[in-house]
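Presented below is the structure to which this report refers.
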Amino acid sequence: MNYKIDIEGMHCSGCENLIKMSLEEANFADITVSMKEKSATFSSQQDVSAVKESLDNIFSAFEKYKYSNLGSV
């Protein structure tokens, strides 16, 4: 399933890369992170509750970045 999240706090390509690497480490695929659109898209075989749990774990490690509006696309 394909998902999209909104992300606050990104200000450079380094931010995009850090978030992309973190999503890759959580076994998400087809990842696109856009500072301009303040969002990320990715795919996962997990159900939405497992995806949310993974995202909560990833973003809890960041002070600058916050995600919201998890939805399927």
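The values are calculated or read from the model by the stated rules, or taken from the named source; none is laboratory data. Treat the numbers as computed from the prediction; the structure is a model and nothing was measured. All Cβ positions, even for glycine, are placed from backbone atoms using ideal geometry, and neighbour counts span all protein chains on display.
So the values come out like this:
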| read-out | value |
| --- | --- |
| Test: residue in region 11-27 that is assigned to a strand (DSSP E or B) and surrounded by 11 or more Cβ atoms within 10 Å (Cβ to Cβ) | no |
| Pair list, Cβ under 8 Å, 6 or more apart: region 57-73 residue closer than 18 Å to Asn2 by Cβ, other residue in a loop (DSSP other than H, G, I, E, B) and at pLDDT 95 or above | Ile58/Ala26; Ser72/Met1 |
| Cβ pairs under 9 Å, 6+ apart, first in region 1-23 and under 18 Å from Ser72 (Cα atoms), second hydroxyl-bearing (Ser, Thr, Tyr) and at pLDDT below 95 | Met1/Ser72; Asn2/Ser72; Tyr3/Ser72; Lys4/Ser72 |
| Whichever residue in region 28-44 is assigned to a loop (DSSP other than H, G, I, E, B) and in contact with a helix residue (DSSP H, G or I) (Cβ under 6 Å, 6 or more places away or on another chain) and, among such residues, is surrounded by the fewest Cβ atoms within 10 Å (Cβ to Cβ) | Met35 |
| Residue in region 53-64 that is surrounded by fewer than 13 Cβ atoms within 10 Å (Cβ to Cβ), among the basic types (Lys, Arg) and either outside any helix (DSSP H, G or I) or within 10 Å of the chain's Cα centre (by Cα) (or both) present | yes |
| Single unsatisfied condition, Asp47 versus (1) under 15 Å from Asn2 (Cβ atoms); (2) in contact with a Gly (Cβ under 9 Å, 6 or more places away or on another chain); (3) acidic (Asp, Glu) | (2) |
